[in-house]
Amino acid sequence: MNKKAILIILTALAVVLPFFTGAYVLSIFISIFVFLSLSLSWDMMLRTGQLSFGTAGFFGIGAYASALAVANLGLNPILSIILGGLFSAIIAFALGFVVLRLREIYFAITTLALTHVFSVIIRNLSDITGGASGTILPNAIFNGDPKLIYWAILLITFMVIGISEMFKRTKIRFAINSIRNDETTAKSSGIDVFKYLLLVFVITSAIQGVIGAFYAQQFAFVNPESTFSLNFLLLPIAMALVGGIYTTSGPIIGALILGLISEYLKLLIPYGHLVVYGVIIVLVVLFLPEGIFKSVKKLFASKDNVGSDINAQS
Amino acid sequence: MLEINNLDVSYDKIQVIWDLSLKISNNEAVGIFGPNGSGKSTLIKAIMGLVSAGSGEVIYNGESITDFETHNITKKGIALVPQRRELFPLMSVKENLRLGAAYIPKARKRIEENLQSIYQIFPILKEREKQLAGTMSGGQQRMLAVGRALMSNPKLLILDEPSIGLQPSLVTDLFKKLNEIKKQDVSVLLAEQNVRQGLKVIDRGYVLENGKIAFADNAEKLSNNEHIQKTYLGL
Amino acid sequence: MSLTKKQYIMLFLLALIILIIALWQPHALIYGIQRGSLYALIALPLALVLGILGVLNLAHGEFLTVGLYLSYMLYERFNLDPLLSIIPVVIILSLIGAGIYLLTIKHVLKDGHLNQLLLTFGVSLILIEIINIIWTSRPRNVFTSYSYSSMSIGNFSFGTYEFLYFFMAIAVLILLQLFLKKTRLGQATFAVGQNPRGAKIVGINVSYVYLFVFTLAVAILGLVGAVMLPRTAIFPAVGSPFSLKSFALAAMAGLGNMNGILIAGIGLGIGEAVIKSIPGAGGWADIVFFGVLIAVIIARSYREGN
Amino acid sequence: MKKSYLLIVLSFLLAFVLFSMSGMAQEPIKIGAVNPLGDITGRQSTNAMELAVAEINEAGGLLGRPVELIVVDSEFRPEKGAAAIEKLATVDEVDFFVGGMSSGVHLAQIPSLKKYKKVTVWAGAASHKAEEAIGADADWYFHLHPWDYQQGASYGVGWNAIVKENPEIDIARVFLAYEEGAFGSDSYKAYAAMAEQASEGKGAFAGVMEEFKGASFKSAAMGGGDYRAMLQQAKEYNPDLFIWAGYDADAIPMLGQAREIGFEPNLYVGAPPGWPANFGRNPLSDKVILYGMWAPALNEVSDVAKHFWDAYVEMHDEEPATYFAPLGYTNIKFLAKGIEKAGTLEKEAVISALKSTKYVSPLGSTLEISPSNIIQNQGFTRQKILQYQDGKQHVIWPFEFATTEIEYPFSW
Amino acid sequence: MPSLETKNVVKKFGGLVATNDLSFSVDNGEILGIIGPNGAGKTTIINLIAGTLPVTSGKIIFSGEDVTNFAAHERNQKGISRTFQTVRPLDDLTAIENIMIGALFGQKMGLKDAREVAKEICKLIGFNNFDRSIDQLTVLELKKIELGRALASDPDLLFLDELMAGLNMEETYELIDVIRKLQKRDLAICVVEHIMKVVKELTSRVIVLDQGQIIAKGPYEEVSQQKNVIAAYLGEDE
């Protein structure tokens, strides 16, 4: 099959999905796309070698920026989603000058600590943010129309996939690859390491901010406990790793598989489905250590080879 | 004392050693020469149990050690001076040396004795007894790695490219020491790029090419071999 | 150990700060030392596993949880005092830890940090949910006569049981260091932590050392669990927050710095307690914890950068 | 590369197959419940709902049709809770929604609930934020649990009554310890507002709250568990009435820490949504007062409560441990009674029937609907004041359900 | 005008002096050898000039411009390139993509142009397996990639840090030929080597370092006779 054709069919399938299915399946896919985009954005940062634990933090900041802009300034919800992204990007830009000096677990723990700092600040600035009980919005975006909400997150997801592919196809790929592999070599080859790290940090944080803002508008509320939940950190990471890191397809596959499995398991095993979920994750790590995407690719590749060998013999 | 029969080794799916056999007798110094990628390091790793053999066997003093784990091979009396030295950077020179013997039951009883004899061979190690291994220069670390290997009272000392990255004076020095060590009832297996120096130490040598033994001979004949002269000695 | 002039000044400043706190908020000082010691006590085994195996164990807190529940079970079933249950809990938990290590973690040691992270995340999910199925989410407690004993100085009363955390933290720290310095297995452990390949070459059974270290870490958590139980409500997620705090302390102290973990733990404990004891400021206590963490890590990066 | 796309296509197909094949028979009346099944509250609430449904079906069903309860786990996650509503509405095509706890999850469900506007009888979620989100015009929404401000006010009424009955009790200074999350800080706001009213001689707390102070703590359930700094402040304030608003995990450690620093208020009150297992067995619990909707002791004074307890134990082989069990039972029974009364499933009829339905609940009180601050249909407005005596929860107030008298003062 | 000139360069690590008051220069078209015992500070000098390490004091002048305070990537863009002692290829890129890096960022080229440049360089260094992945390459090929990447940023000054280490003589001569070709392009080249044959063959001039200081300079033949050089470095052997 032609790769382009499959891509177009897939895209079309995703776009027309709302005409063939109900609100429930849509809501599952909306949630999957939310996590998929977070997962991809986390992976994009990882491609520079930086393990970020700040996904939930920038998600939360975007969510709050958007919700407060709608609640207090009466901003248009759609614009507020863009604002959420911008706000996260600005915070990331400012913090980047300091935290991007750090590497490995020091970067990881610092971004995680920042997530907590954000949520504590928001919880304590109750005059502006509504404090621990949060802020509610009068209306969900598009008046809660699942089709429109689905298309909106689909559009965002396509954009995120586009950015991820841009990272793969342009000069940026060479820069972030070099930085991940060997920073000294990168510097000595003329790569402005800090500039690229900052670029990726700002872009991925903006994505997380947009997704957070979307989430806030979809459910029409924000509060520190739900909005800064570590679910928005751990699940995207699990999805990317299960699917396969450093690729665009990996997080997509990981998010679809884990997202669908978790929902299906829940219906199948009402009590204790999370045990099975945990077992699946453990089994994937043990038996498909490169993630599903690369493992499946290898499996098919070796089969193809066998095929060609047979052809060669005959 | 060491016999390798029909050894095959592969990484992933790429075979690196092909049907290789060689022998080392007691008190013999044997060299393995060959270009990069010819499989010298892999052969050594296979002997030491650091990679697993695909097929074939490694026999040491009549016992098959093919599937032994590295630490058990070391306990049998085979010591390795690895190419990357593999020292313990946060430990002092003395601690590094002691560790060389601490896990070998026979050598453990003779730690102090061994220390003194190694200090005799490498006075620099005594001078720097308390320095952390990680802060020493490359040459000194190489000496320490040799010293650590000797601490285990090995019957067979394996050295993987000990001269790489060493300044000329140290290379000469190192091989002089090796000649001394040879005299102490130790067999030596030496993998080297620096064939000129290596030939001064060994009794017999194998030339490895593409994972197979291209030819083998005693040291003198090897140094007169035309191919060796052209490719490795640059004459 | 000889100290530089700079270190003397730092020590002096530290002593001064502690003195000021002692005069201004004496209870904050006591609570800080007690809680901070507990944080450090739990962080030490995490740092050990991180330092030697190179594995960041997200299921760390869950092993503590399992230890707590084991001790609770022995109390409920056999009316065994939590402090007496230390020995059986340590033994059973060690077996569980070793089992989980052999079944899972052992197989991903060569796979890179991220897979280890995901694996331990999966393990933690499984442990939490199994506990939830067995004991439900309902908190449980035990009652012992000694766990809320107190002491008074003037009209100022404070609990004494938690000083046990402090003494235990010091004891565990000293024993760990003696172990690493003085015993053959300890030296092997230290060697494996620096260079596993080198360790193999000198005849150390590296896979045994890994198993031992992981089991030791879990065993320490069993000890902590049994000691904590009389003062803690337990529920399936009780240990989870400690993974994060332990990770934070290990990072703040710098990898491999065990003394640093105790100092960082107590420092952050006191900081937290001081903020909490200022009326109206309690909500900001977490900022101290994480703010100081970030500041220390960044300051160190600047120092090392130059 | 291609294979990955194939995989994605397969995932989509899988989703279609899995989620479109459920929902078939149309016969029974379908009630959709969303509860956090991993949590004891949600699990027991669900158990109690199943009990209620079983009883209804045994008695011949509703309007001659059997009742089917379809339960979906909210996992305590907002997006999962919302998706559960969507599934119940579109896949299972339920007629009614019931269930629920956690305001955070409920807030995320409200947009979906508003979209379908099916008759909804919601048991939990006490935050006034949820009430704001529902709004004034949602006539299809019935809320059973008292809102946070109603709970606060009912205690004021209760204490006034108790003080009147027991002249030796004197309450002037009130100290509220609240966990720093949404639950605690909402409680604090409610109390602060009531304190201001009380200082002007108005409101439920007038006469029993001359002075008021609050301090926050981090709940053990959220990774805290050290209350001493807060308790120290409380001790210095020396209140007559000490109330803490936190979670069940805080109950015993907080008591113990209060004892060790020598904090001994005359009234020690806890207001968590649930209590730890075997709390009464802990000697520290004696004379601790608690706010709640229900206590096993109600079995002694209420036949409905007794019936519920026995039936629950028989069906599920465990004792109800949280008030969400009787509340879940009430949730179904109340709805069923309303439907029965309406005699049809037609929405307007059911709504107006529910509005006038009275149900004597196993929680003791009779459930009837009245408007609250914002919404039209509010169920319970009052909590109860209970006390642990000799290891047992007793009802102190309202007096009509009282199982014993208050023991005063609290002491170690 | 010399291509590179260092003036009194000092580098301290904590209390340790790694290079002390170092002044030397290299002209275009010249190959300078830098030799000295292990730990003498040879790699440190490269790091200082390439900008991977900041100097403690002193000045580095390149093509008449003071670059002392420039970041590493800026110096590369100006025309200073280097290879690394241990080869550091970028795993997830193919062979030619590794070389392209230099052109993409050192010369700020687009992808297409960079590929053309990389191809030309491959021709120059005698490398043909463009699209091989890195783990399939031999040591010699890896060294070529390392050199190729350094060349792709079109340097005026090139540092080769033990490029020949681990190669046999035949392979070494192949690279010597490549470097000679480069010399004809008027590059200034600094060679750090332990293999004296290479130093003898290639360089017109050497400086000998010991403990961070220059202890001798001049043509190799002269320097190698000096007693202090023999004592500190060469040994009595040959």
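The values are calculated or read from the model by the stated rules, or taken from the named source; none is laboratory data. Note that this is a predicted model, so its numbers are computed, not measured. Cβ sites come from the backbone with ideal geometry, for glycine too, and all protein chains shown count toward neighbours. Heavy atoms of the whole protein, side chains included, go into the accessibility calculation; ligands, DNA and RNA do not. Shrake-Rupley method; radii C 1.70, N 1.55, O 1.52, S 1.80 Å.
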Filtered residues of segment D:126-138 (kept if open to solvent by 10 Å² or more (accessible area, probe 1.4 Å) and either among the aliphatic types (A, V, I, L, M) or assigned to a helix (DSSP H, G or I) (or both)): D:Ala126, D:His128, D:Lys129, D:Glu132, D:Ala133, D:Ala136
Among (1) out of contact with any Gly (no Cβ under 8 Å at 6 or more places or on another chain); (2) buried (at least 18 other Cβ atoms within 10 Å of the Cβ) - the single one B:Ile59 does not satisfy: (2)
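Kindly evaluate C:Leu223 against the criterion of being open to solvent by 20 Å² or more (accessible area, probe 1.4 Å), in contact with a helix residue (DSSP H, G or I) (Cβ under 8 Å, 6 or more places away or on another chain), within 17 Å of C:Leu44 (Cα to Cα) and more than 8 Å from every other protein chain (Cβ to nearest Cβ).
yes
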Flag for B:Leu50 being at pLDDT 90 or above, in contact with a helix residue (DSSP H, G or I) (Cβ under 7 Å, 6 or more places away or on another chain) and open to solvent by 30 Å² or more (accessible area, probe 1.4 Å): yes
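Could you identify the single residue in E:Phe105, E:Phe159, E:Phe127 that is part of a loop (DSSP other than H, G, I, E, B) and among the hydrophobic types (A, V, I, L, M, F, W, C)? Step through it out loud before you land on a result.
Numbers: E:Phe105 fails: part of a loop (DSSP other than H, G, I, E, B); E:Phe159 fails: part of a loop (DSSP other than H, G, I, E, B).
Only one candidate qualifies: E:Phe127.
Using the structure shown, decide if C:Ile91 is open to solvent by 40 Å² or more (accessible area, probe 1.4 Å) and either more than 10 Å from every other protein chain (Cβ to nearest Cβ) or not in a loop (DSSP other than H, G, I, E, B) (or both).
When the stated conditions are applied, C:Ile91 passes them.
One line per residue, one yes/no per condition, for (1) within 16 Å of the chain's Cα centre (by Cα); (2) closer than 25 Å to E:Val208 by Cα; (3) part of a strand (DSSP E or B):
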site	(1), (2), (3)
B:Tyr119	no, no, no
B:Glu129	no, no, no
B:Arg148	yes, no, no
B:Leu159	yes, no, yes
B:Thr172	no, yes, no
B:Phe175	yes, yes, no
B:Glu180	yes, no, no
B:Val188	yes, no, yes
B:Ala216	no, no, yes
Conditions first: (1) open to solvent by 20 Å² or more (accessible area, probe 1.4 Å); (2) part of a helix (DSSP H, G or I); (3) of a type in the set (A, V, I, L, M, F, W, C); (4) over 29 Å from A:Gln50 (Cβ atoms). C:Leu114 passes all but one, so which condition is the exception? (4)
D:Val98 - would you say it is part of a strand (DSSP E or B) and either hydroxyl-bearing (Ser, Thr, Tyr) or surrounded by 24 or more Cβ atoms within 10 Å (Cβ to Cβ) (or both)? yes
Could you go through segment D:243-258 and let me know if any residue there is touching a Pro at 6+ places or on another chain (Cβ under 7 Å), more than 9 Å from chain C (Cβ to nearest Cβ) and outside any strand (DSSP E or B). yes
Quick check: anything in segment E:162-185 open to solvent by less than 70 Å² (accessible area, probe 1.4 Å), in contact with a Gly (Cβ under 9 Å, 6 or more places away or on another chain), away from every other protein chain (no Cβ under 11 Å) and under 21 Å from E:Gly102 (Cβ atoms)? yes
May I ask you to list the residues in segment A:275-293 that are part of a loop (DSSP other than H, G, I, E, B) and β-branched (Val, Ile, Thr)? none
Flagged in segment A:199-218 as open to solvent by less than 10 Å² (accessible area, probe 1.4 Å) and either within 14 Å of chain D (Cβ to nearest Cβ) or among the hydroxyl-bearing types (Ser, Thr, Tyr) (or both), in numbering order, are A:Thr204, A:Ser205, A:Ile211, A:Gly212, A:Phe214, A:Ala216, A:Gln217
Report whether or not D:Glu318 is assigned to a helix (DSSP H, G or I), more than 18 Å from the chain's Cα centre (by Cα), surrounded by fewer than 24 Cβ atoms within 10 Å (Cβ to Cβ) and among the acidic types (Asp, Glu). no
Residues of segment A:1-32 being in contact (Cβ under 8 Å) with a residue 60 or more places away in the chain and hydrophobic (A, V, I, L, M, F, W, C), which ones? A:Ala14, A:Val15, A:Leu17, A:Ala23, A:Leu26, A:Ile28, A:Phe29, A:Ile30, A:Ile32
Report whether or not D:Lys235 is in contact with a Ser or Thr (Cβ under 8 Å, 6 or more places away or on another chain), open to solvent by 10 Å² or more (accessible area, probe 1.4 Å), modelled with pLDDT of 90 or more and charged (D, E, K, R). no
Restricting the search to segment C:134-148, which residues are more than 9 Å from chain D (Cβ to nearest Cβ) and either under 15 Å from D:Glu318 (Cβ atoms) or touching a helix residue (DSSP H, G or I) at 6+ places or on another chain (Cβ under 6 Å) (or both)? C:Ile134, C:Thr144
Among D:Phe380, D:Phe399, the single one that is aromatic (Phe, Trp, Tyr) and surrounded by fewer than 20 Cβ atoms within 10 Å (Cβ to Cβ) is D:Phe399
In the set D:Gly262, D:Gly270, the lone residue that is open to solvent by less than 10 Å² (accessible area, probe 1.4 Å), within 14 Å of another protein chain (Cβ to nearest Cβ) and in contact with a strand residue (DSSP E or B) (Cβ under 6 Å, 6 or more places away or on another chain) is D:Gly270
Extreme residue, surrounded by the fewest Cβ atoms within 10 Å (Cβ to Cβ), among residues of segment D:321-348 that are out of contact with any helix residue (DSSP H, G or I) (no Cβ under 8 Å at 6 or more places or on another chain) and free of Cβ contacts under 8 Å to residues at least 24 places away in the same chain: D:Glu346
Scanning segment B:139-197 for residues that are within 12 Å of chain E (Cβ to nearest Cβ) and basic (Lys, Arg), the one surrounded by the fewest Cβ atoms within 10 Å (Cβ to Cβ) turns out to be B:Lys176
Flagged in segment D:198-232 as facing chain C (nearest Cβ under 8 Å), surrounded by 24 or more Cβ atoms within 10 Å (Cβ to Cβ), within 23 Å of the chain's Cα centre (by Cα) and not in a strand (DSSP E or B), in numbering order, are D:Lys218, D:Ala220
Sort through A:Ile28, A:Ile32 and tell me the only one that's under 16 Å from A:Ile257 (Cα atoms), at pLDDT 90 or above and either open to solvent by 40 Å² or more (accessible area, probe 1.4 Å) or at the interface with chain D (Cβ under 8 Å from one of its Cβ atoms) (or both). A:Ile28
Conditions (1) free of Cβ contacts under 8 Å to residues at least 40 places away in the same chain; (2) surrounded by fewer than 19 Cβ atoms within 10 Å (Cβ to Cβ); (3) in a helix (DSSP H, G or I): number failed by D:Ala195: (2)
Of all residues being assigned to a helix (DSSP H, G or I) and over 30 Å from B:Gln193 (Cβ atoms) in segment B:76-100, which is least open to solvent (accessible area, probe 1.4 Å)? Just the residue, please. B:Glu95
